[in-house]
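The values are calculated or read from the model by the stated rules, or taken from the named source; none is laboratory data. For clarity, every value in this text was computed on a predicted model and none was experimentally measured. Cβ placement follows ideal geometry from the backbone for every residue including glycine, while neighbour counts extend to all protein chains displayed. Surface areas here come from the heavy atoms of the whole protein model, side chains and all, with no ligands, DNA or RNA. Shrake-Rupley method; radii C 1.70, N 1.55, O 1.52, S 1.80 Å.
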Amino acid sequence: MAEPFTYGRRGISGRFEDAERELLRGLFRDVVALLEPDETPEEDPLAALVGISPEATEPEDPALLRLLPNASKDDAEEAREFRRLTERSLRESKAGALRAASLGLESRDVLLDAAGAEHWATALTDVRLVLAERLGIHSEEDAEKIHGVTDWSDVGDDDVDAYLALVYNFVTWLQTTLVDAMLAGYRAGGARGTGPGEGSRGSR
Amino acid sequence: MEPMSLSVATEPAPGLSEETTTATDTARIVPWNLVVWNDPVNLMSYVSYVFQSYFGYSEAKADALMMQVHTEGRSIVSHGSKETVERQAVAMHNFGLWATVERAGEDG
């Protein structure tokens, strides 16, 4: 069983079993694949260069829509324009964090600095958002029901939902320990003092 | 909104042009809100961490905003020019939070 992420003098450390590393790398890979844009051969190379996607439309897959949500609730045109200008860089940024977290799993022991921890936190979040959509978690009650599935011996051979629920709960537990460690580091002075709206992970 | 031409028609008294410029700037910056929405997936601790680390809010303020998201379904966590809140919305989406932008005064 993995050890919880803990904050210490050297940073945030975690430790995984081989099977857990395989599981997590598979999950990270799946979400990266989900985020890969559908390449259109006739795409304008200049648009690609400056990071806009003129043809971007709201994703039909609800899981992908949760990763790349609309930025306007009531104004569809506003949301579309926002998507054209920002969706590509958001996809790339998310995929980058997932790949960074995956690379960190080359060894059983994981040691994270502040930036590495944020990559892990967003990667685990994106995995949980996708799994939650597949599991139909749309309310607090749904989430509670899933949290009740904790025992591997309850999972039948072809009970995909129960398996997904256990995976979801494992990733949730992992992220809980990671965020606790990040908050401990932040309180201990690891705050990087990014001002309002000037965080390093802005729209670039 | 005060039309710019008005200041031109007025006697250019000292200090007036400065005053006019300030008023015009304020009128041009229509305030926008950044709204973060509740979801049953994101951890409460994570949402608070994001509000602290990204916006530089105190733990108390971040927790209060997070609780508002949790109990009321949404919270205005920042406001400013449209460009500013749009940049912040992208950052929230990168963190996995769902955020939208809206003109100030549209809520409720």
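Inside the range A:45-58, can you point out the residues that are over 24 Å from the mean Cα position of the chain (by Cα) and either exposed (fewer than 13 other Cβ atoms within 10 Å of the Cβ) or of a type outside the set (A, V, I, L, M) (or both)?
We begin by selecting, within the range A:45-58, every residue over 24 Å from the mean Cα position of the chain (by Cα); these are A:45-47, A:49-50, A:54-55.
Across the range A:45-58, the qualifying residues are A:Pro45, A:Leu46, A:Leu49, A:Val50, A:Pro54, A:Glu55.
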### Query
Just to be sure, is A:Arg83 touching a Gly at 6+ places or on another chain (Cβ under 6 Å) and within 17 Å of B:Glu86 (Cβ to Cβ)?
no
### Task
Can you work out which of the residues in the range A:81-109 that are under 11 Å from the mean Cα position of the chain (by Cα) and under 20 Å from A:Leu23 (Cβ atoms) is surrounded by the fewest Cβ atoms within 10 Å (Cβ to Cβ)?
A:Arg99
### Task
Scan the range A:127-142 residue by residue and report those that are within 19 Å of B:Ser48 (Cβ to Cβ) and buried (at least 18 other Cβ atoms within 10 Å of the Cβ).
A:Arg128, A:Leu129
### Which numbered condition A:Tyr186 fails, given (1) open to solvent by 20 Å² or more (accessible area, probe 1.4 Å); (2) at the interface with chain B (Cβ under 9 Å from one of its Cβ atoms); (3) over 20 Å from A:Asp113 (Cβ atoms)
(3)
### Task
Select the helices (runs of 4 or more DSSP H) contained entirely in the range A:18-126, then report the ones holding at least 1 residues which are within 18 Å of B:Ala91 (Cα to Cα).
A:18-35, A:62-67, A:76-103
### Task
Identify all residues within the range A:26-44 that are more than 12 Å from the chain's Cα centre (by Cα) and either open to solvent by less than 40 Å² (accessible area, probe 1.4 Å) or modelled with pLDDT of 95 or more (or both); write none if there are none.
A:Gly26, A:Ala33
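Table: residues versus (1) modelled with pLDDT of 95 or more; (2) among the aliphatic types (A, V, I, L, M).
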position	(1), (2)
A:Leu67	yes, yes
A:Arg84	no, no
A:Leu98	yes, yes
A:Ser102	yes, no
### Query
Among the residues of the range A:154-165, is any modelled with pLDDT of 90 or more and either among the acidic types (Asp, Glu) or under 24 Å from B:Val47 (Cβ atoms) (or both)?
yes
